[in-house]
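Peer 1: Pasting a structure here, questions to come.
The values are calculated or read from the model by the stated rules, or taken from the named source; none is laboratory data. Just so we're clear, the structure is a prediction, and the values are computed from it rather than from any experiment. Note that we place each Cβ from the backbone using ideal geometry, even for glycine, and neighbour counts take in every protein chain shown. Ligands, DNA and RNA are excluded from the accessible area calculation, which covers all protein heavy atoms including side chains. Shrake-Rupley method; radii C 1.70, N 1.55, O 1.52, S 1.80 Å.
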Amino acid sequence: MGARDPIADLRRIAFLLERANEATYRVRAFRSAATALAGLPAAEVAERAGNGTLTDLAGVGDVTARCVAESLAGEEPVYLRRLVATEGSDLDAEATALRAALKGDCHTHSDWSDGGSPIEEMALAAVELGHEYMVLTDHSPRLTVARGLTAARLRRQLDHVAQVNAALPEGFRILTGIEVDILADGSLDQDEELLARLDVVVGSVHSGLKDDRAKMTRRMLTAVANPHLDILGHVTGRMVSSRPAGVTGPGDKGHRARTRAESDFDADAVFAACAEHDTAVEINSRPERQDPPKRLIRRALEAGCRFAIDTDAHAPGQLDWQRFGCERAALCGVPAERVVNTWSAEQLLEWTRDRA
Ligand SMILES: [Zn+2]
Ligand SMILES: [Zn+2]
C-alpha cells in the first residue's frame, strides 16, 4: 500500500473538527502538527515515524503522531475515518437510535445512599421509560458523605430488592449492584464475597482525584484488572459545569454543582487494560459530568473498549438523562454493538458472570 500524505490528512481532520464546532484546542493540535511537519523533509518525517520520535517535535503529540504513522503506512488514520464516518450523518437520528437500543441503565442510586427516592420509585420510573432492567448501584462504605452501604446494609438491601422485584411488572427486574469506591491502592471498597454475589459492579474514583499521574494510573489499572469490576464509572471525575436550571434538588448531595478538572492518568494504558480485561467504560450522562470527554470516548473506542451509557440517576426523572450520553456517544461514532446496556438482562448477566 502506498503512503498517504500525512500533512493533508492532519489538515483534513482539523477542517472536519472545525466544521463540527469542536473545541479550538483540539483543532489547533492538528493544525500545529501539520505546520511542524510541513517544515521538514519527507524523509525525516518517515524516519521519525519509524523510530517513534515524531513526538519530540514541538507541536506533535501522541494522537497526531499516530495519525501520521497510519498515513505513512498507507491507511486512512482511524481518527479521520471516524470523523468521516459521522460527517453529514444525522447525529440526531443516530442518538435517537442509540437511545432506543438501550434496554436498561447500569448506574442508579436510591435513598439507601445519596439518592432522593426509594428503590420502588426508581424502578417504576425505569419501567415507564421502557427499560427491561435497572441496576441499583448505591455507594460503598468509605463514601460516608453519600451514606455508603456497609456490608450489613448491602445484605439487607439485597433481601429488599428481592421483595421489590417480586412485586414489579413482569418483564422488568432490578439487578443488584454497587458503585464501589476505587480506593487509593486500586482495591475495591466492599467485601469480596458481596462483590462476587452482585449482578453488576460499577467502580469509580471519588477521593484523591488529584493524585499524580503515575499513582492514578496504577490505581485505575489495579481496579480494571479486578475480575469483579464490570464497569469503570465516570472515568476522569471532572465536573464541567453547574447544573442546568431545574435539575437541582434533594437527593443530589453527592453531586453538588461545581467545576473540577479531569484527573490525570495515562488514558491509553487504562483503556488498553479495559479492552484486555473486558471492563466497560462508562459514558456518564449527567449534564454536569459529561464524563469521559469526547476525545477520551474516541480513544476508548479505538482501543476496542465496550461502553455502558448510564445516567447515574439520583432521582426518578434523571433516569431519562440517557439521551445526553447517547448524543455524545453518537458524536464519537460509538456503535450500539459496543454498548453493554443494549443487551437484554440475560446477556448482561452472562457477560458479568463470565468475568468474575
Ligand atoms: Zn460516582
Ligand atoms: Zn453514582
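Peer 1: Of the residues that make up region 104-111, is at least one open to solvent by less than 50 Å² (accessible area, probe 1.4 Å), more than 16 Å from ligand 1 (Cβ to nearest atom) and not charged (D, E, K, R)?
Peer 2: Applying the first criterion (open to solvent by less than 50 Å² (accessible area, probe 1.4 Å)) to region 104-111 yields 104-110.
Checking the rest, the ones that are also more than 16 Å from ligand 1 (Cβ to nearest atom) come to 104.
With the extra rule that they be not charged (D, E, K, R), the set shrinks to 104.
Looking for residues that are open to solvent by less than 50 Å² (accessible area, probe 1.4 Å), more than 16 Å from ligand 1 (Cβ to nearest atom) and not charged (D, E, K, R), one finds at least one in region 104-111, hence yes.
Peer 1: Of everything in region 301-318 that's more than 16 Å from ligand 1 (Cβ to nearest atom) and either of a type in the set (S, T, N, Q) or in contact (Cβ under 8 Å) with a residue 60 or more places away in the chain (or both), which residue is farthest from ASP138 (Cα to Cα)?
Peer 2: Going through region 301-318, the residues more than 16 Å from ligand 1 (Cβ to nearest atom) turn out to be 301-307, 316-317.
Going one step further and asking which of them are either of a type in the set (S, T, N, Q) or in contact (Cβ under 8 Å) with a residue 60 or more places away in the chain (or both), we end up with 301-302, 316-317.
Working: LEU301: 28, GLU302: 31, PRO316: 14, GLY317: 17 Å.
If we take residues in region 301-318 being more than 16 Å from ligand 1 (Cβ to nearest atom) and either of a type in the set (S, T, N, Q) or in contact (Cβ under 8 Å) with a residue 60 or more places away in the chain (or both), then GLU302 is farthest from ASP138 (Cα to Cα).
Peer 1: Further question on the same structure: Taking ARG286, is it within 26 Å of SER117 (Cα to Cα) and surrounded by fewer than 20 Cβ atoms within 10 Å (Cβ to Cβ)?
Peer 2: Working: within 26 Å of SER117 (Cα to Cα): yes; surrounded by fewer than 20 Cβ atoms within 10 Å (Cβ to Cβ): no.
Judged against the criteria, ARG286 is not a match.
Peer 1: Under 7 Å by Cβ, and 6 or more places apart or on different chains, what pairs join a residue from region 147-167 that is closer than 14 Å to GLU193 by Cα with one that is part of a helix (DSSP H, G or I)?
Peer 2: ALA151/LEU194; LEU154/LEU194
Peer 1: Failed condition for LEU37, given (1) touching a residue at least 12 places away in the same chain (Cβ under 8 Å); (2) within 28 Å of LEU319 (Cα to Cα), with all others met?
Peer 2: Unmet for LEU37, out of (1) touching a residue at least 12 places away in the same chain (Cβ under 8 Å); (2) within 28 Å of LEU319 (Cα to Cα): (2).
Peer 1: Just to check your reading of the model, which residue among ARG48, ARG66 is out of contact with any Lys or Arg (no Cβ under 7 Å at 6 or more places or on another chain), within 21 Å of ALA300 (Cα to Cα), open to solvent by 50 Å² or more (accessible area, probe 1.4 Å) and assigned to a helix (DSSP H, G or I)? Give the steps one after another, and end with the answer.
Peer 2: Numbers: ARG48 fails: within 21 Å of ALA300 (Cα to Cα).
Just one listed residue meets the conditions, ARG66.
Peer 1: Whether any residue in region 308-322 is open to solvent by 10 Å² or more (accessible area, probe 1.4 Å), of a type outside the set (Phe, Trp, Tyr) and under 23 Å from ASP266 (Cα atoms) is what I want to check.
Peer 2: Looking only at region 308-322, we keep the residues that are open to solvent by 10 Å² or more (accessible area, probe 1.4 Å), and these are 315-318, 320-321.
Restricting the remaining residues to those that are of a type outside the set (Phe, Trp, Tyr) gives 315-318, 320.
Of the ones still in play, those that are also under 23 Å from ASP266 (Cα atoms) are none.
No, there is no match, as no residue in region 308-322 is open to solvent by 10 Å² or more (accessible area, probe 1.4 Å), of a type outside the set (Phe, Trp, Tyr) and under 23 Å from ASP266 (Cα atoms).
Listed here are the residues, each with its yes/no results for (1) crowded, with 20+ Cβ neighbours inside 10 Å; (2) away from ligand 1 (no atom under 16 Å from the Cβ); (3) not in a strand (DSSP E or B).
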residue: GLY148; (1), (2), (3): yes, no, yes
residue: ALA152; (1), (2), (3): no, yes, yes
residue: LEU158; (1), (2), (3): no, yes, yes
residue: ASN165; (1), (2), (3): no, yes, yes
residue: GLY171; (1), (2), (3): no, yes, yes
residue: ASP181; (1), (2), (3): yes, no, no
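Peer 1: Outside any helix (DSSP H, G or I), of a type in the set (D, E, K, R) and under 23 Å from ARG260 (Cα atoms), is that true of ARG299? Walk me through how you get there before you give the answer.
Peer 2: Numbers: outside any helix (DSSP H, G or I): no; of a type in the set (D, E, K, R): yes; under 23 Å from ARG260 (Cα atoms): yes.
Spelling it out, it is not the case that ARG299 is outside any helix (DSSP H, G or I), of a type in the set (D, E, K, R) and under 23 Å from ARG260 (Cα atoms).
Peer 1: Right, next: Let me spell it out: the conditions are (1) part of a loop (DSSP other than H, G, I, E, B); (2) under 20 Å from the mean Cα position of the chain (by Cα); (3) within 13 Å of ligand 1 (Cβ to nearest atom), and HIS228 meets all of them except one. Which number is the exception?
Peer 2: So the condition that HIS228 fails would be (3).
Peer 1: Residue by residue through region 209-225, note down the ones that are in contact with a helix residue (DSSP H, G or I) (Cβ under 9 Å, 6 or more places away or on another chain), open to solvent by 40 Å² or more (accessible area, probe 1.4 Å) and in a loop (DSSP other than H, G, I, E, B).
Peer 2: LYS210, the sole residue that qualifies.
Peer 1: State all residues of region 325-356 that are surrounded by fewer than 17 Cβ atoms within 10 Å (Cβ to Cβ) and of a type in the set (Ser, Thr, Tyr); if no residue qualifies, say none.
Peer 2: SER344
Peer 1: While we're here: Select from region 183-198 the residues that are open to solvent by 30 Å² or more (accessible area, probe 1.4 Å) and of a type in the set (Asp, Glu) and write down the one among them that is nearest to the chain's Cα centre (by Cα). Can you show your working first?
Peer 2: Here is the first cut: in region 183-198, the residues open to solvent by 30 Å² or more (accessible area, probe 1.4 Å) are 184-185, 187, 191-193, 196-197.
Okay, now just the ones that are also of a type in the set (Asp, Glu), so 185, 191-193.
On the way: ASP185: 21, ASP191: 25, GLU192: 24, GLU193: 26 Å.
The extreme case among them is ASP185.
Peer 1: Going by the conditions given, is GLU288 within 14 Å of ligand 1 (Cβ to nearest atom), of a type in the set (Asp, Glu) and in contact with an Asp or Glu (Cβ under 7 Å, 6 or more places away or on another chain)?
Peer 2: Details: within 14 Å of ligand 1 (Cβ to nearest atom): yes; of a type in the set (Asp, Glu): yes; in contact with an Asp or Glu (Cβ under 7 Å, 6 or more places away or on another chain): no.
The answer is no for GLU288.
Peer 1: Scan region 78-132 residue by residue and report those that are among the basic types (Lys, Arg) and in a helix (DSSP H, G or I). Lay out the reasoning, then the answer.
Peer 2: First, pick out the residues of region 78-132 that are among the basic types (Lys, Arg): 81-82, 99, 103.
The answer is ARG81, ARG82, ARG99.
Peer 1: Ok, one more. When you scan region 114-146, how many residues do you find that are open to solvent by 60 Å² or more (accessible area, probe 1.4 Å) and under 17 Å from GLY233 (Cβ atoms)?
Peer 2: Counting residues in region 114-146 that are open to solvent by 60 Å² or more (accessible area, probe 1.4 Å) and under 17 Å from GLY233 (Cβ atoms) gives 2.
Peer 1: Name the one entry in VAL235, VAL201, VAL270 that is open to solvent by less than 10 Å² (accessible area, probe 1.4 Å), outside any loop (DSSP other than H, G, I, E, B) and either within 16 Å of ligand 1 (Cβ to nearest atom) or at pLDDT below 95 (or both). Reasoning before the result, please.
Peer 2: On the way: VAL235 fails: outside any loop (DSSP other than H, G, I, E, B); VAL270 fails: either within 16 Å of ligand 1 (Cβ to nearest atom) or at pLDDT below 95 (or both).
Selected residue: VAL201, the only one of VAL235, VAL201, VAL270 that is open to solvent by less than 10 Å² (accessible area, probe 1.4 Å), outside any loop (DSSP other than H, G, I, E, B) and either within 16 Å of ligand 1 (Cβ to nearest atom) or at pLDDT below 95 (or both).
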